[in-house]
1. When only residues in segment 62-77 that are over 12 Å from Val38 (Cβ atoms) and either among the small types (Gly, Ala, Ser) or under 34 Å from the mean Cα position of the chain (by Cα) (or both) count, which is surrounded by the fewest Cβ atoms within 10 Å (Cβ to Cβ)?
2. So, restricting to strands (runs of 3 or more DSSP E) that lie completely within segment 311-356, which ones have at least 2 residues that are under 17 Å from Ala495 (Cα atoms)?
3. Filter segment 452-470 down to the residues that are modelled with pLDDT of 95 or more and either among the small types (Gly, Ala, Ser) or out of contact with any Gly (no Cβ under 9 Å at 6 or more places or on another chain) (or both), then identify the one that is farthest from Ser224 (Cα to Cα).
4. Of all residues in segment 457-484, count the ones that are among the polar types (S, T, N, Q) and in contact (Cβ under 8 Å) with a residue 60 or more places away in the chain.
5. Which condition does Lys830 not pass, out of (1) over 25 Å from Ala721 (Cα atoms); (2) open to solvent by 20 Å² or more (accessible area, probe 1.4 Å); (3) touching a Leu at 6+ places or on another chain (Cβ under 7 Å), if it passes all the others?
6. Every residue in segment 62-108 that is in contact (Cβ under 8 Å) with a residue 60 or more places away in the chain, more than 30 Å from Phe251 (Cβ to Cβ) and hydroxyl-bearing (Ser, Thr, Tyr), please.
7. Which one of Ile752, Ile733 is β-branched (Val, Ile, Thr), open to solvent by 20 Å² or more (accessible area, probe 1.4 Å) and within 34 Å of the chain's Cα centre (by Cα)?
8. Scan segment 356-392 residue by residue and report those that are over 20 Å from Gln407 (Cα atoms) and open to solvent by less than 30 Å² (accessible area, probe 1.4 Å).
Amino acid sequence: MSLAPRTRLGPYEIVGQLGAGGMGEVYRARDSRLGRDVAVKVLPEHLTADRDRLARFEKEARAASALNHPNVVTIYDIGFDGPVPWLAMEFVDGMTLRELIERGALTPKKLLEVGAQIGEGLAKAHSAGIVHRDLKPENVMVTRDGYVKILDFGLVKLTEQEGEPADGITAARGATTPGMVIGTVGYMSPEQASAQKVDFTSDQFSLGTILYELATGRPAFRRSTSAETLVAIMREEPEPIPLSTRLPAPFRWVIERCLAKDPEERYASTRDLARDLATLRDRGGESSSSGEIAPVQISSAETSPTYQRLTFRRGTILAARFAPDGQTIVYGASWEGNPTRLFSTRPESAESSQLMLPDAEILAISRSGMMAISLERRWAGRFIWSGTLAQVPLIGGAPREILEDVQWADWSPDGSSLAIVRNVGGKARLEYPIGTVLYETGGWLSHPRVSPRGDSVAFFEHPVIGDDSGSLMLVDKTGRLSPVSADWITAYGLAWSPDGKEIWFTATRVGVARAIWAATPGGSERLLVRTPGELTIQDVTREGNVLVTNDNGKVGIVGQAPGQTKENDLSLLDWSLVREISTDGKMLLFDESGEGGGSAHGIYVRRTDGSPAVRLGEGKAFGFSPDGRWVASMTIVPPKRLFLLPVKAGEPRQIEIDDLSVHAARWIPEGERLLIAASKAGEGVRLYVLPLNGDPPRAITPEGMAIGFFPISPDGKWVVAQPADGLFYLYPIDGDEEPKKIPTLGPDDRPIRWTPVGQSLYVFRRGELPGQVFLLDLATGRKEAVRELMPPDPAGLIEIVSVQLTPDAASYAYSYHRILSDLLLVEGLK
C-alpha cells in the first residue's frame, strides 16, 4: 500500500515516504501527541495474510520494543490499518552504512567506532534473546552526530527454541518471500544459507561481512549469481584483508573469527565480541604495525593503481580516446575559455600538440585510425552536446561530414559502422548501425560503446532530462534490452574491459564523486577504485591502461538584489542551480544536487541580499506558487513523487501524478493547477495541465516537447513551448485554439518569462558565452538587448545553465556550470 501525506495511522500523521523494500514501506510521520517526528513502517499484506504469522509478528514486535539501547532503533508503538500492521519507531536523521561505503574510504578510527557500536547494539539484543537475521549495511544507520543505529529488530524472530525447524532463505539480494527466513545473500551465515538452525552467532557472521566490506571496499563473498554467492559463503574463505589498510592486526583477527564457518568457532557471547571491538576503538589503532591512522584504500587490484597526469592547463576536457597504438592519446579541450580543439599527447611527453582541424570534439577512434569527430559542437542541454558527425583519418586530412545533430558515437570493432545517439521526434534514439534503431526513450541516453565482438552496445539510460542519474544498460543487435546496473545518482563515462567480459564505468550512488566500477553483462558489480575526485572514464586499451578525466565541477549562482548595482555570489554548496526568483526580486529558490546535496538532493530558499539559506526539503525544485507560500518539487529517490513544500509553516503535500514521469513543472497563475512536462513509459515528453484537487492530468501538446522552459502568460491562457521541430509556439492552456508559431525564436533560444502585460518575452540564447538576455516583442518581432551575463573567470566555463529575472528585469540571478579537468593515465587496475 502507498500512503499520501496527511494520512493518519493512529496518532501519527504521514509526512512523506522515506523508502520501500521487501519488508514494507517506511514513512516519516508526526506524532501529534508528543510533537515529535517518527518513522512508520507499514508491512506488506502478503506477510500478514496468515493469522498465526500476524500473532507471532505482534509478539515479536512487542518483545523488540522492550530493547532500550543507544545503538538500537527504538520501537514506540504498534497498530493496524485494517488487517495490515504498522510499527512506529525512532526517526533517525543520517545515512545508512551502504551510503557511507559508497561515499568512499573510512579512516580506521571511524571504522573501529562504527564496528564497536554495532557490536554493543547486537550484544544488547542477544542478551534479550532476539536475533536480527538480516544484518547488512542497509539496516545500519549512522546519525549526523555519529551514533550507530541498528534497524528492523521489530521484524525478526525471537531466538528459536531447540528443535524448531528453519524456514529457508531468500534467494536474491534484498528480497523476502513468505515462509522464508529473513536474510540477504552476501551477508548470510553459512548455517542460514544452508537452511540450518540460526542463533546469535549468525548475526556475528553477518557483522563480520559488514566489517570486512568496510575494511576492503568489497563484499566478502559476492559472486556473479546468488547461487554462487551462497556456495562461497558455505565453502570458501574471503581474500585476506590487505596489510595496506593499516588496520590493527587484532581487528583483522576479530573479523576472521566472526567469519568462521563453524558457529562454535565464533564468539561464545556477543558481549565478548562487543568488548573486543570497544577495546580496539578505545585504543585508537595502537596495534597497527606503523602506529598510523590512515584512510583505508579501496581497490580490488593486488597492488595500488598508479596515476600519471597528462594535461596541465586550466579548462574542460569532455572526451579522450586512445589511438590504435595504445600510446597516442587524442582529446578535445577548451583551455582558458577558448573553443574546443583537438590535441594529441603521449605519456612520455608533458606537452600536447594541437591537431590541424576545425573546432571539434573527439567521439571515437577505430582500430584502423579513423576518427569520428563532432563539428560545430554545441550545448544541447545539461550533460548533452550535439554536432555534426564527421570522420577524418588520424594521420590528417579534411573531415567528411556524415550526419547532423549527433550527440554520441562509437565505432564497431572492424571500423565499418558506427553506433550513434541522437534525438528524433522528441525521443533519444540509439542506432547501430546508423539508421537501425535499437532503443529509444523519452529520457536521454549517453556513452554508447560497442562490445569487442560487435554484437551489442553498452550505454547509460537517464530517465529524467537534465539529471545524470541513471542505469547501465546493454542492448544487442536484435534490440533485446538487458539492465546491467541500476540506481546510480550520477552515471557518466564507460568503456569495455580489456578482455571484453566486463563494462567499466564511472558512477556513484551518493554525491557526485564518481568512482570506477566494473559490471558483467549479467549484473555482477565490483568496485575497481575510488579517489577523492570526480572521475569520468574515457577509454581502455587492450593492455588494461585506462584513460580518465578528474573533473572538478561546480554549479554556482550569481545574482543582483533590488536596488543594488553589484552582483552577489549566492551559491551555497557545490551544485547550486537557481530555479526561480520571486516577483519582488528578494527571494531565490534553488536546489543542491551535488556532493553537498547528498543522495536525495536538497531544496533551499535564500534572500538575494546573501542572507543564510533555509532548507525546505529533499528533491528537485520547480517554482514558487503565485502567493509565495508553496514550492512545487519532486523527489529524486525512487519512487519519484511530486510534492508541494511549504515555504514557511506547514506540512508537505503530495500530488498524485498517475503513471507519469515528471521532468519539470510551472504554476498556472491562479495557483490551483500546475503545468508539467512529463512522459509515460515509452513516450516522449508532453505538457499536461495538472489540477491540484486530485483530478487527472490533461495533455495539451503532442509528444516531443522540450523541458525546463515553458513560461506561462500572466493571464494563464498561453504557454510558450518548443516541440520536436525545434521552433517555438504559443499553446493554449484551455480552449480549442490552434498553436501560434513565434517566428523570431530559434532552436537555441530559451524563453525566461513574460513581461507583466503579456506583450513581450525575456529570452536568453543557450550555448553562448557571455550569455545574452533580450526582450522580444511578440507583436512586432523586435528584439532589444537587456543583460549580458558572464562570471569573471572564463576558464572551464561550460554554460550559463539557468537565468531568472524579475518582471522588470531590475533584479536577476543565473547559474553557471564550470568544469576544470585533468586528463590522467591509470595503470594497474584489474
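1. So, considering only residues that are over 12 Å from Val38 (Cβ atoms) and either among the small types (Gly, Ala, Ser) or under 34 Å from the mean Cα position of the chain (by Cα) (or both), the one surrounded by the fewest Cβ atoms within 10 Å (Cβ to Cβ) is Ala66.
2. 315-322, 329-335
3. The extreme case among them is Gly454.
4. Adding up the residues that qualify gives 1.
5. Going through (1) over 25 Å from Ala721 (Cα atoms); (2) open to solvent by 20 Å² or more (accessible area, probe 1.4 Å); (3) touching a Leu at 6+ places or on another chain (Cβ under 7 Å) one by one, Lys830 breaks only (3).
6. Within segment 62-108, Ser65 is the sole residue that qualifies.
7. The match here is Ile752.
8. Gly369
The values are calculated or read from the model by the stated rules, or taken from the named source; none is laboratory data. Bear in mind the structure is a predicted one, so any value in this text is a computation, not a measurement. Neighbour counts run over all protein chains shown; Cβ positions are idealised from the backbone, glycine included. Heads up: the accessible areas ignore ligands, DNA and RNA and are worked out on the full protein's heavy atoms, side chains in. Shrake-Rupley method; radii C 1.70, N 1.55, O 1.52, S 1.80 Å.
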